[in-house]
Structures are given as structure tokens and as C-alpha cells.
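Let me begin by presenting the structure, written as C-alpha cells, before commenting on it.
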Protein chains: 2
Amino acid sequence: MSSESAFIDTLRALATHPAARDLIDDAAVLEMGEGALVLTHDMIVEGVHYLPGDPPEDVAWKLVAVNLSDLAAKGARPIGVLLGFTLGDEAWDQAFAAGLGTALTAFGIPLLGGDTVSAPTRVLGLTALGRTDGPAPSRAGATPGDLLWVSGAIGDAGAGLKALQAGEDAPALIERYRTPRPRLEAGERLAPLVRAMMDVSDGLLIDASRMAAASQCGVEIELDAVPRSPHFPGTAIEAATAGDDYELLFALRPDDAAAVLALGDEIGLPFSRIGRFVAGAGLTLTEDGASVTLPDSLGYEHRRP
Amino acid sequence: MSSESAFIDTLRALATHPAARDLIDDAAVLEMGEGALVLTHDMIVEGVHYLPGDPPEDVAWKLVAVNLSDLAAKGARPIGVLLGFTLGDEAWDQAFAAGLGTALTAFGIPLLGGDTVSAPTRVLGLTALGRTDGPAPSRAGATPGDLLWVSGAIGDAGAGLKALQAGEDAPALIERYRTPRPRLEAGERLAPLVRAMMDVSDGLLIDASRMAAASQCGVEIELDAVPRSPHFPGTAIEAATAGDDYELLFALRPDDAAAVLALGDEIGLPFSRIGRFVAGAGLTLTEDGASVTLPDSLGYEHRRP
């Protein structure tokens, strides 16, 4: 067991409230009347979640977007955010603040508070607060027979990161890496339909495995069904392990496929069926009907609990 | 204007929601029916808010306590917390997790969620969520003629920090520095009585100045009235600029003094009248009736917004 796993197991024992969802979900969900209050806190660190050369405006966007993506996965409308900021280079700080303004304006939410401290390294944290009108889907609700779906296209953000690391010019991919779009409208509309939902942040395969494990079943993914954009340069397995997609991954009863396809047409975001949940445990892959060996890495494993 | 002030001014323009209280308050306050939801996020950094040699269990206590102190200042009962943790030395991490358990158990609240990341420096963040039954006092409600009160004793924590830095053995003072006690019961009981309230974190003088500025009036403090414990080794002005007290500072109508003194007797926490609010602006000091020159530093200025 890794040091991080041991630490998180110790924390899990402190997560005694049902709202904590045993720390396996993207966010805390406090039931309030018919709906729920949803709270998430994600941090980003230079060199781990963004590159030293990324524009500070985009870093601010990403910090907001990754947190709102967790709200989207619970079907929540964002109410506001609290910022945890470490001061550093003054010009960078001011550009970050301007970018934060751009992001909050784009999503129509206010800054509610937070803290600013001096620290030797930049560690940026954001708490996002949201609200649902009905029950918030967990990642633990899938059952054998449910189908696995995903929104949008997978892999572009990871390819954007690779392009930046290689010094290549690939604006469409880099834009997906630096300024992800949380699927807020989709999440809110999908929430009443889905059996389980989460966002894809660490990689499609690892995140699907986590949904299956939380739901105490297995999952089969058809790699050839994983949706990729015309810009994506790699293989299906590269897309499915790349991470940083911030798309929605959800389990659906087969009968609800038509409703989801109609919703996709209405809001202009494609939804793709990429696999199914089965009795048992673990992940299996196929491509064009043939079994595929699991890659060594299913995605990022040590970035978040 | 410092770099931090410029940054915070930029942020203030994004705090467009009334719940943000223009970022001048200890916490965000979202009205919900008769009461309010109160949210705060404070960070602590090694070498800034705690010493490298402080036991990790105590660092965890402090992280919880400083956030709950902000809830106390708004009269809120804590509901739970979200942790933002940077992994480092494994033994330190595990001791921190154990200390977090001790603190959360002591305050009777659960861990609700959060994030764990790898980072080169430890920057620890906590978001605390609380709830009030009635209006949450702001720090901007004092008016000329109100009296300034404070809970407990001032200066011990700062003296504890000095003792640690000097390698001196002063357990009573060091305990106050490392494991502050947020005044949750006092805050909840005081909230309906006070005109303004905040906690004393950066130093009594600087925090009283901030309350006066937020309330658009001046404040006079009688140094000889500043309550000190039998352990405190320094002068009144040293106590009043030391910081880390996590006591409650509040403005009260003169007629409410008897109610506050009775409350102090009931809950076993002394409350002391230490000054008054006046028309105008700024801070003035007296000692034994004579005017006293303001010290160069009123407390910590660059630790938090």
C-alpha cells in the first residue's frame, strides 16, 4: 500500500458523516430538503497539474474548472467559490487574479472568500459550493447490466500536455489541456437519469475502474467506442489513459439511451456508449470485438484521493 | 500598496455576492431561511503559521482550530470540514492524520472531503462549514458609543511562540500557541447580543483596527484593561500585538454588559471590556488614563486577507 493510500485510509475513518460518502466520491453531498448542498475542494500544483510555462490566466481557469467539474458530476449548479492562494511573483499573481475574474464571470458565480498566504511553493486550492434540486448521483450506484457512457471526446487534453512538453504547436489540443470546460448543464440534466456519475480527471480507464469498484461490480470497455476528436493524434488506449478530460462518465439503464441521445442533441454535446457493467470486479478491455491486455498505467494514480 | 493588497483588491471586485461580505469578514455567510450557512477557508504554512518542530498532531489541531475560530466569530455551529493536504514525509503525514482525528472528535465534527496532492512544500488548507439559527454578526456593525470587548486572555500564544523560538520551557504558553481553543460556544451565545464580532488571529490591535475600519469608525483601547493570564511574561502592548490568540473580539451596546458578564459566568469564560468605538477613524491607545504612542507593528499584516 502506498504512503498516500495509508494516509487516505486513516482519513476515511474520520469521514463518519453520510455527506462524506466515505471519501470515494468527487464531492461531499449534504442533503437539504428535496435537494442537496454539494461541496468540493481540489488543489493544483505547478509541475503536477499545470506546467510552469502555462499562462497564469489559464491556471486560474483550470483551478475553477476542475472544481466545477466535480459539481457537474453531482448534477449541481455552482453557487460560489473560496480561494486558497499562495502569493509569489507579483505579475503572475495579478494575471492569475484577472484570469480568475474571467472564469468566474464565464460561469456566472462569485468569489465568496478564502485565504492568501506566503509560501515557498505555489499550491493553489479552491472550494466550490453548489446546489441540486433533487438527489445527487454518487459514483457507487452502477449495477451489472447498466451501460457505461461518456460525454464529449476523450484524449485531447492529454495530447495537449504531451504537445506542450515536446514543444509542439497544437493549439486545439493545448486549449483543451489548459482551459477545460466543466459539463455543468449536462451534469444537471443527466443527474435524474443516471445510476452513477463522476468526472474523468485522471484517465478514462482508471476513473471507470473506480466507478466499478465503488459500485462493487466489474466494467468492460470497448476501446473502439471511446469518442475521439478529429484533432486527437494517438491510439484509443492513449486517449483512454491520458487524463485531464473533465468529461462526464456515467452508468445508465439500457432503456434510458434514447433520452440521453436526445439530451445530447438538445444541448449540443455528444454522449457515447463505451461499455457495460458486469457482475464481478475489475476492468476488461476489447477492441473490435477482441480482448485487449490492460496497459501498465490506467491513468494518474497519485494526484488526488 | 503592497503586492498582497493589490492582489486582494483585484479579488474584491470578484466578490460580487452579498455572502462574500466584500471579503472583509472572517467567513462567507449565505443566508438560508432564518439562519445562515457559514463557510471559511484558511491555510497554514510551515515557518509562517507553525514551526518546523511543532508536533504534526498539533499542526492538525491548529489547522482545524483556526478555521473553527472563524465560524465561532460568526456564531456558527460547525457541520464539517474539507481538507487540502500536501503529502510529504510519511511518518509526519500519519501523525497529522491522527491529530486531525483527535481534533475532529474533540469538536464533534466529520471530515467531509478534500484533496491530497504531491507538492514540494507543505501548504495545508481547510474549509470549514457551519450553520447559524439567526443572523451572523459581521465585523462591520460597530457604531460610535459601542464598547469593545474581548474573551479570555490575550498574549499567551504569542509568548509561547517566542518561548519556542528561544528554546525556553514554558508549557502553559506553548500549549496556547500550538493548540488554540476556538470559542464556539461563546460565539454562538454572543451572536444575538453583539453589534460586530471577529476573532483575534493577527494581534488584538490590528484586528481591532480592522473592525473599526470595516465599521467606518475609530476605536480607543485601554491597554491596562487588556486581559492577561498569570503565565503571561510581557507588557500589555506585547500582549496586544502578539497574535495567535483565537479569542473573540466584539462590539457591544453599553446596556448589554450585564448580559455578557452573566454569560461569561455561565460558560466559565471571562469577557473583558477593553475600549470603545468613537466617531472618526483609526486606533488610539491609553494606559492608566494616559495617551500611548502606537507601536510600529500592530500585529501580523501579511498572513491573510
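The values are calculated or read from the model by the stated rules, or taken from the named source; none is laboratory data. None of the values given here were measured: they were computed from a predicted structure. With ideal geometry, Cβ positions are generated from the backbone for all residues, glycine too; neighbour counts draw on all protein chains shown. Quick note on the areas: whole protein, heavy atoms, side chains included, nothing else; ligands and nucleic acids left out. Shrake-Rupley method; radii C 1.70, N 1.55, O 1.52, S 1.80 Å.
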Of the residues in segment A:191-220, those that are within 30 Å of residue A:108 (Cα to Cα), open to solvent by less than 10 Å² (accessible area, probe 1.4 Å) and in a loop (DSSP other than H, G, I, E, B) number 3
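Could you tell me which of the residues B:293, B:284 is open to solvent by 30 Å² or more (accessible area, probe 1.4 Å) and in contact with a strand residue (DSSP E or B) (Cβ under 7 Å, 6 or more places away or on another chain)?
B:284
Looking at this structure, is residue A:91 facing chain B (nearest Cβ under 8 Å) and surrounded by fewer than 19 Cβ atoms within 10 Å (Cβ to Cβ)? Spell out how you get there, then give the answer.
Values: facing chain B (nearest Cβ under 8 Å): no; surrounded by fewer than 19 Cβ atoms within 10 Å (Cβ to Cβ): yes.
Against the criterion (facing chain B (nearest Cβ under 8 Å) and surrounded by fewer than 19 Cβ atoms within 10 Å (Cβ to Cβ)), residue A:91 does not qualify.
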Original post:
Before we move on, is residue B:234 in contact with a Gly (Cβ under 9 Å, 6 or more places away or on another chain) and open to solvent by less than 20 Å² (accessible area, probe 1.4 Å)?
Top reply: no
Within segment B:78-88, residues being open to solvent by 10 Å² or more (accessible area, probe 1.4 Å) and at the interface with another protein chain (Cβ under 10 Å from one of its Cβ atoms) number 3
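Do we have residue B:224 as part of a helix (DSSP H, G or I) and farther than 15 Å from residue B:24 by Cα here? Full working, then the answer.
Numbers: part of a helix (DSSP H, G or I): yes; farther than 15 Å from residue B:24 by Cα: yes.
Yes, satisfied.
Within segment A:1-20, how many residues turn out to be farther than 14 Å from residue B:94 by Cα and more than 8 Å from chain B (Cβ to nearest Cβ)?
Residues of segment A:1-20 that are farther than 14 Å from residue B:94 by Cα, as a first pass: A:15-20.
Retained after the next criterion (residues that are more than 8 Å from chain B (Cβ to nearest Cβ)): A:18.
The number of residues fulfilling the criteria is 1.
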Exactly one of B:19, B:28, B:72 is within 24 Å of residue B:186 (Cα to Cα) and in contact (Cβ under 8 Å) with a residue 40 or more places away in the chain, and that one is B:72
When segment A:188-232 is checked residue by residue, the ones that are modelled with pLDDT of 95 or more, farther than 13 Å from residue A:283 by Cα and among the charged types (D, E, K, R) are A:188, A:189, A:195, A:199, A:224, A:228
Margin query: Kindly evaluate residue A:60 against the criterion of being open to solvent by 50 Å² or more (accessible area, probe 1.4 Å) and either more than 25 Å from residue B:81 (Cα to Cα) or assigned to a helix (DSSP H, G or I) (or both).
Written below: no
Flagged in segment A:33-68 as in contact (Cβ under 8 Å) with a residue 40 or more places away in the chain and facing another protein chain (nearest Cβ under 9 Å), in numbering order, are A:37, A:39, A:40, A:41, A:42, A:43, A:44, A:45, A:46, A:48, A:49
Exception for residue B:75 within (1) within 7 Å of chain A (Cβ to nearest Cβ); (2) touching a helix residue (DSSP H, G or I) at 6+ places or on another chain (Cβ under 7 Å); (3) open to solvent by less than 10 Å² (accessible area, probe 1.4 Å) falls at (1)
Per the filter on segment B:247-263, residues open to solvent by 10 Å² or more (accessible area, probe 1.4 Å) and either touching a Cys at 6+ places or on another chain (Cβ under 9 Å) or not aliphatic (A, V, I, L, M) (or both) are B:253, B:254, B:255, B:256
If we ask which residues in segment B:94-128 are facing chain A (nearest Cβ under 8 Å) and either in contact with a helix residue (DSSP H, G or I) (Cβ under 7 Å, 6 or more places away or on another chain) or at positive phi (or both), their number turns out to be 11
